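Note sheet for the following structure.
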């Protein structure tokens, strides 16, 4: 599933194509994705001008001058692309502007779209429970320390908890914990404050590098331009089980935590 860098890359790719543009037509070519689409999606968005394109955690937010915001999630395989001909089978939602037609394509249909009044976005059930953005000042050493205090859960599970911090998924949790030298199964409440301070700094740096690289393309992610992300070529441990650790040369190990693959170096991460 796309994580924060992939969604940020998509939102940035949409901005020059949609920001300030009037939506001449919005066409839902099927009634549902993961959940039913708003039945009045086309009616409420057709004729509206896009006034903002932002990201919150793993969600994209498309604001309009009609006071509505489209909240979209890419699911496992969702992507936006510019049509050069007739829409394909999996081009489920079309956004027509003077610059052309953007299609939302999702062959697995795990993505979603919701419409909500812009002033109510922060209170939307999908958005309200989410923790601070990891690249914001709100996500800090003291914040993570407070969330970890007294917790018996693993540090990796804590980072994947969207109430703790927004948008970090399996890939970037593994990579950041390696860079910080912290064992992913270590109990969060037992990690020294200074190490958590460093972990916060490493998370921010890792996400910044991933965004600059266009995210990671492991299966379906592609930028709006059609280009693939290439941060996967910089992975230090993720997906590298059995390969030598770039720090010490010991084999990278894979283990399963909460049904997810965790990759780490048992020698470098304590």
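Take residue 43 and decide whether it is more than 27 Å from residue 227 (Cβ to Cβ), free of Cβ contacts under 8 Å to residues at least 40 places away in the same chain and out of contact with any helix residue (DSSP H, G or I) (no Cβ under 8 Å at 6 or more places or on another chain).
yes
Looking at the range 71-105 only, could you name the residues that are in a strand (DSSP E or B) and over 25 Å from residue 216 (Cα atoms)?
Listed by number, the residues that qualify are 94, 95, 96, 97, 100, 101.
Considering only residues of the range 18-38 that are surrounded by 16 or more Cβ atoms within 10 Å (Cβ to Cβ) and either at pLDDT below 95 or touching a helix residue (DSSP H, G or I) at 6+ places or on another chain (Cβ under 9 Å) (or both), which is farthest from residue 229 (Cα to Cα)?
Filtering the range 18-38 for residues that are surrounded by 16 or more Cβ atoms within 10 Å (Cβ to Cβ) and either at pLDDT below 95 or touching a helix residue (DSSP H, G or I) at 6+ places or on another chain (Cβ under 9 Å) (or both), the one farthest from residue 229 (Cα to Cα) comes out as 38.
Tell me which of these residue 247 doesn't satisfy, since it passes every other one: (1) in contact with a helix residue (DSSP H, G or I) (Cβ under 7 Å, 6 or more places away or on another chain); (2) farther than 23 Å from residue 143 by Cα.
With (1) in contact with a helix residue (DSSP H, G or I) (Cβ under 7 Å, 6 or more places away or on another chain); (2) farther than 23 Å from residue 143 by Cα applied to residue 247, the lone miss is (1).
Out of 190, 173, 122, 138, which single residue is surrounded by 14 or more Cβ atoms within 10 Å (Cβ to Cβ), at pLDDT 95 or above and either farther than 27 Å from residue 12 by Cβ or out of contact with any strand residue (DSSP E or B) (no Cβ under 8 Å at 6 or more places or on another chain) (or both)?
173
Determine if the range 39-51 includes at least one residue that is within 21 Å of the chain's Cα centre (by Cα) and modelled with pLDDT of 95 or more.
Within the range 39-51 (the criterion being within 21 Å of the chain's Cα centre (by Cα) and modelled with pLDDT of 95 or more), the answer is no, since none of the residues qualifies.
I'd like to verify a number: residues in the range 250-261 that are touching a helix residue (DSSP H, G or I) at 6+ places or on another chain (Cβ under 6 Å) and buried (at least 18 other Cβ atoms within 10 Å of the Cβ), how many?
Within the range 250-261, residues that are touching a helix residue (DSSP H, G or I) at 6+ places or on another chain (Cβ under 6 Å) and buried (at least 18 other Cβ atoms within 10 Å of the Cβ) number 0.
Restrict the check to the range 73-86 and report whether at least one residue is surrounded by 15 or more Cβ atoms within 10 Å (Cβ to Cβ), within 30 Å of residue 169 (Cβ to Cβ), out of contact with any strand residue (DSSP E or B) (no Cβ under 9 Å at 6 or more places or on another chain) and modelled with pLDDT under 95.
The answer is yes, given that some residue of the range 73-86 is surrounded by 15 or more Cβ atoms within 10 Å (Cβ to Cβ), within 30 Å of residue 169 (Cβ to Cβ), out of contact with any strand residue (DSSP E or B) (no Cβ under 9 Å at 6 or more places or on another chain) and modelled with pLDDT under 95.
The values are calculated or read from the model by the stated rules, or taken from the named source; none is laboratory data. These numbers were taken from a predicted model, which means no experiment stands behind them. Virtual Cβ from ideal backbone geometry, glycine too; neighbours counted across all protein chains shown.
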